[in-house]
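Heads up, the thing below is written out as structure tokens.
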Amino acid sequence: MADDAPSPVKSADPSSPAIQTVQRAAVILNAFTAARPRLSLNELTASLGTSKATAHRYTKALRESNLLRYDEREGLYSLGPQILTLSAAARAAMPVISIAGPRMQQLVREIDETVVLSVWDGDTAVVVRADDNTDRVIRVSVRTGSRLSRTESAQGRVFCAFLPEADVPGLADEIAASAELRREVEKIRRTGISANTPSANGVRSIAAPIFRGSTLIAAMAIVGTTTSVPEGTDSPLAIALQRVAALVTAELGSGGNGHHLPGNGNGQHPPAGNGSR
């Protein structure tokens with residue numbers, strides 16, 4: 001009888017042409033960010049570190065696969081529609097998104113503010129879902145796929161507080177260099193919530209962790225203006241956020257069947273393994 005089990009994966013030679021092709025394609029796709037959604041061939045060539053002819057060959061192949069599109073009038077590239085399909089598949093593979101989604105929508109109806117969910121991508125927090133009230137005249141919108149500052153955003157600081165330090169590159173040095181960041185991380189670990197008010201844009205966010213077992217897998221945040229979101233971590237909005245984050249944690253821990261994990265009475269789910277940090 002044929003063996004349907006996958007063959008063991010052998011280590012690939014990073015210098016092989018096939019691996020190099022994949023790596024170069026990834027470099028091109030990763031060059032696009034929320035701040036730089038459209039790039040010229042010269043900019044992609046600089047990111048790739050090759051000749052313009054080589055960069056053009058790769059962009060042509062990516063266009064044929066609908067991973068890139070090209071605006072001939074402006075001479076600029078952007079991510080193609082196939083990226084949306086891949087993004088949807090990636091989100092579907094994350095149980096936290098499907099479980100958190102209805103809870104986030106309910107929270108939006110309750111507090112009338114934008115609610116955002118982020119996961120860790122190995123370097124910083126990345127937004128994977130955002131819900132807001134489209135009926136509001138003034139609302140704060142957050143784009144899915146946005147990469148947030150890991151030390152300045154409320155969600156980023158949640159990951160700094162609860163992830164193993166080795167999973168956050170350079171965190172030890174950043175904490176050592178900033179007494180304010182060190183105090184904030186310690187406070188987040190103690191209270192289970194992070195608050196952030198950037199001085200420049202008048203936006204305030206508060207964030208709470210979501211766990212599966214003792215592992216931090218996401219951060220949920222309320223994002224609004226300094227007028228609509230109260231300062232501090234003990235406001236009614238902060239309490240509502242912690243309650244919803246705890247519900248998602250409970251559903252993840254019980255396989256999504258709605259059973260609640262035992263808590264400590266204030267909506268927090270204390271993770272294991274942080275005492276040695």
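Brief remarks follow.
- Where V223 falls short, out of the listed (1) surrounded by fewer than 16 Cβ atoms within 10 Å (Cβ to Cβ); (2) touching a Ser or Thr at 6+ places or on another chain (Cβ under 8 Å); (3) at pLDDT 90 or above; (4) not basic (K, R): (1)
- Segment 136-172, subset farther than 13 Å from D123 by Cα, among the small types (G, A, S) and not in a loop (DSSP other than H, G, I, E, B), residue modelled with the lowest pLDDT: A172
- Index of the failed condition, R129 passing every other in (1) loosely packed, with under 14 Cβ neighbours inside 10 Å; (2) closer than 15 Å to Q155 by Cβ: (1)
- Residue count, segment 163-172 (criterion: touching a residue at least 40 places away in the same chain (Cβ under 8 Å) and open to solvent by less than 20 Å² (accessible area, probe 1.4 Å)): 1
- Answer residue from segment 173-199, given it is among the β-branched types (V, I, T) and buried (at least 16 other Cβ atoms within 10 Å of the Cβ) and is farthest from W120 (Cα to Cα) among those: T191
- Residue match in segment 174-181 (condition: more than 14 Å from the chain's Cα centre (by Cα) and closer than 24 Å to V96 by Cβ): no
- Filtered residues of segment 232-277 (kept if in a loop (DSSP other than H, G, I, E, B), closer than 24 Å to A195 by Cα and either at pLDDT 50 or above or open to solvent by less than 50 Å² (accessible area, probe 1.4 Å) (or both)): G232, T233, D234, S235, G267, Q268, H269, P271, N274
- From the options V158, V229, residue that is open to solvent by less than 40 Å² (accessible area, probe 1.4 Å) and over 21 Å from the mean Cα position of the chain (by Cα): V229
- Filter result (touching a residue at least 12 places away in the same chain (Cβ under 8 Å) and within 21 Å of T124 (Cβ to Cβ)) within segment 31-61: A31, F32, T33, A34, P37, L39, S47
The values are calculated or read from the model by the stated rules, or taken from the named source; none is laboratory data. Keep in mind the model is a prediction, meaning the values are calculated, not measured. When we count neighbours, we look across all protein chains shown, and the Cβ atoms used for this are built from the backbone with ideal geometry, even at glycine. Side chains included, ligands, DNA and RNA excluded: accessible areas come from the protein's heavy atoms. Shrake-Rupley method; radii C 1.70, N 1.55, O 1.52, S 1.80 Å.
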